[in-house]
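One structure is given here, and the rest of the page talks about it.
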Amino acid sequence: MSSDSSSGDKPDQTKREFLYLTAGAMGAVATGAVVWPMVDTMNPAADTLAMATTEVDVSKLEPGHSVTVMWRGKPVFIKHRTAEEIAEAKAVNVADLRDKQTDEERVQKPEWLVVVGVCTHLGCVPLGQKETDAKGEFDGWFCPCHGSHYDSSARIRKGPAPKNLAVPPYKFTNDTTILIG
Amino acid sequence: MASGNRTPFKNPVVEWVDSRLPLFTLMNKEYGVFPTPKNFNYFWNFGAIAMFMLVTMIVTGIVLAMNYAAHTAHAFDSVERIMRDVNFGWLIRYIHMNGASFFFIAVYIHIFRGMYYGSYKQPRELLWMLGVLIFLLMMATAFMGYVLPWGQMSYWGATVITNLFSAFPVVGESIVQLLWGGFSVDNPTLNRFFALHYLLPFVIVGVVFLHVWALHVTGSNNPLGIDVKGPQDTLPFHPYYTMKDTFGLVVFIAIYALFIFFMPNQLGHPDNYTPANPLVTPPHIVPEWYFLPYYAMLRAITFDIGIPFTDIVFIPAKLGGVLTMFGSILLWFVLPWLDTHPVRSARFRPQFRIALWVLVAAFILLGVVGGKPPEGIWVILGQIGTLYYFAFFLVILPLLSRKEKALPLPPSIHEAVLQQKKSVGVQA
């Protein structure tokens, strides 16, 4: 673009703005391209991501008892539920729940409840796995950190936690062996 | 920094340096003859004390880092080795560990001073905001430092605090995984926390530099909150305030030393001498004492916020608690615009003074609540404290800014000082 004499003190405004803009855009892209790898190093690495699976033999677990196993650095609760506990979980009116899920949606076999033992509030491990533990007001688990109560289907019933205890992906490889992950 | 109007130094070595790089001129201008209001009380010691604590933490921290191993398998043992085997390791660690507490004590008093005497008001808004930024950086640094010994409280404190970020909708879970570098607090987390715990103090030094620079542009506030009108209102910083600061610092260090040598674990938590165990949460997780009030605010929101009697929830309880906790400090950034009353010092604002002391009481109450289990009366007390805290900033301050009639201000600092002398003389 040529400049005539009237715009002599502001030569080629459009061209200059275009250059500023493209140079700025390239700079932004380059900065992003450098920053992202740095940020991404903080995300889970390949070895961490390599999905670990955990196999558990539950043949020795009596009704009413639970076992805690580690899966991806987190505790997983496996509970052999009694008939009363199953009935209790099924009797709940789902519409009243904070995180609406029926008991059937949360188990593959009613007598076996498998959940990640991490409170959905701020990540503490709820009590209730041992005979002597506090089990909360709903006969399930109780998180001592901030007072969340979970029922016998590990659904949130009272306290600050927003969600039910998560159900991890798992399958029964035979009648008494569970493969988590 | 032009050296044109420099007064030459007598010492030839000093003069040689100063004529090339006027460091001595700068120090003399900012810390020697620097005009400082003549009516400071002991509250004005705590900036210098906080500075001393920052240096203490950096120096002891560097020595500790030389013997620390940031790995989940070695961290706990390396700290115990520092305590038992490393020469004077016990002393350096106790200085560092209690230093965090005493740094916070100094800074809390410093912040209270700023609020009581209206130091955040025009023209010191930016100075105040830089201070709030320093406080946030301190909190992050202290939190990550507490994780490093890899005890039970370290591990579970880290778990609870990093999980706060999962409350944010959509991006929450990704942020938490980014913070952890995995699916739970683990070795990658410990590693990066160590790296950041080493880095952030130097960032703090940088912001402190800006904080002090801004202070030296506007000059200090003073207990009367009125502007300096001329040389009769000020004293040179040296020797008057170098001496006063040193005296206050010595008293502060004496109390600090009392803790280091006679009750080094009084402010800590015994659970942190148990190695971290991802399968067992201690029955009662509490943060360090200096975070308790915010922790109480986090736990005060036990209810969802939405349209009553329907299922529609805008802010679930968890997110509400997190927003409340972060908001409690972010509010400080806008304090200069929440309190627009023209009078700075609470001395001349009787209503503000009462409201501020109630805030202090509410803050201490929240501190007590934060250390108790989240049940019964403690939940209610926490909610009352939180309500007052936010009401103070969002309702009381804007209201008082418009309505409060201040007491008559003295005509100048030096006249007020002379007046005070006279009345003391009469009483004596």
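Using the alpha carbons alone, the radius of gyration of chain B stands to its Kirkwood radius in an Rg to Rh ratio of 1.00. Here is the tail figure for region B:272-356: Cα pairs spaced more than 17 Å apart come to 69 percent of all pairs.
Considering helices alone, the calculated mean residue ellipticity of chain B at 222 nm is -20000 deg cm²/dmol, with DSSP H runs of length four and up weighted by -39500 (n - 2.57) and normalised per residue. Taking only Cα atoms and a 10 Å spring cutoff, compute GNM fluctuations for chain A and point out the largest among A:Ala28, A:Ala50, A:Ala95. Between A:Ala28, A:Ala50, A:Ala95, it is A:Ala28 that shows the largest mean-square fluctuation. Report the one residue of B:Phe314, B:Pro410, B:Met51 whose Cα lies farthest in the direction of the positive end of the charge dipole of chain B (charges on C-beta: Lys and Arg +1, Asp and Glu -1; origin at the Cα centre). Result: B:Pro410. Taking label points 7 Å from Cα along the Cα-to-Cβ direction, A:His65 and A:Asp139 give a separation of 2.1 nm.
The residue list B:Tyr116, B:Leu381, B:Val14 was ranked by how far each Cα lies along the charge dipole of the protein assembly as shown toward its positive end, using unit charges on Cβ atoms, and B:Val14 comes out on top. Against the empirical curve 2.2 N^0.38 Å, the C-alpha radius of gyration of the protein assembly as shown lands at a ratio of 1.18.
Tell me, what is the FRET efficiency for B:Lys422 and A:Thr22 to the nearest 0.05, using R0 = 60 angstrom and their Cβ-Cβ distance as r? Calculated value: 0.25. Rounded to the nearest 0.05, the FRET efficiency derived from the C-beta distance between B:Lys10 and B:Leu399 at R0 = 45 Å is 0.15.
Net charge dipole, chain A: roughly 140 debye, given to the nearest 20, about the Cα centre with Cβ charges of +1 for Lys and Arg and -1 for Asp and Glu. Using a cut-off of 30 Å between Cα atoms, the listed pairs A:Lys135/B:Lys372; A:Lys79/B:Lys318; A:Lys74/A:Lys158; A:Lys171/B:Lys372 include A:Lys171/B:Lys372 as exceeding that distance. Counting only Cβ charges, +1 for Lys and Arg and -1 for Asp and Glu, the dipole size of the protein assembly as shown around its Cα centre is about 2260 debye. Each Lys and Arg adds +1 at its Cβ and each Asp and Glu adds -1 at its Cβ; summed about the Cα centre, chain B shows a dipole of about 1420 debye.
Averaged over the residues of peptide B:179-186, the number of Cβ atoms from other protein chains lying within 10 Å of each residue's Cβ is 6.
Here, region B:336-428 has an Rg and a Dmax of 18.4, 56 Å when only alpha carbons are counted.
Go ahead and collect, in residue order, the members of region B:370-410 whose backbone nitrogen is under 17 Å from a label point 7 Å along the Cα-Cβ direction of B:Phe333. It comes to B:394, nothing else.
Using alpha-carbon positions, what is the distance between the centroids of region B:331-404 and region B:25-83, in Å? Between the Cα centre of region B:331-404 and that of region B:25-83, the gap is 30 Å.
With viscosity 1.002 mPa s and temperature 20 °C, the Kirkwood radius over alpha carbon pairs of region A:48-180 converts through Stokes-Einstein to a diffusion coefficient of 145 µm²/s.
Rounded to the nearest 500, the 222 nm mean residue ellipticity of chain A from helices alone is -7500 deg cm²/dmol, with -39,500 (n - 2.57) taken per DSSP H run of at least 4 residues. Legend: mean number of C-beta atoms from other chains within 10 angstrom of residue C-beta atoms, peptide A:121-130, equals 6.
Once you've got the GNM for chain B with C-alpha springs shorter than 10 Å, pick whichever of B:Ser345, B:Ser174, B:Ser328 has the biggest mean-square fluctuation. Looking only at B:Ser345, B:Ser174, B:Ser328, the largest GNM fluctuation is found for B:Ser174. Suppose we look only past 24 Å in the calculated P(r) of region B:140-258. What percent of the Cα-Cα pairs does that tail hold? Considering region B:140-258, 55 percent of its Cα-Cα pairs are separated by more than 24 Å. Based on Cα contacts under 8 Å between residues 6+ apart, chain A shows a relative contact order of 19 percent.
No lab work stands behind these numbers, since they all come straight from the coordinates. Quick caveat, the model's predicted, so the values are computed rather than measured. Heads up, the Cβs are rebuilt from the backbone with ideal geometry, glycines too, and the neighbour counts pull from every protein chain shown.
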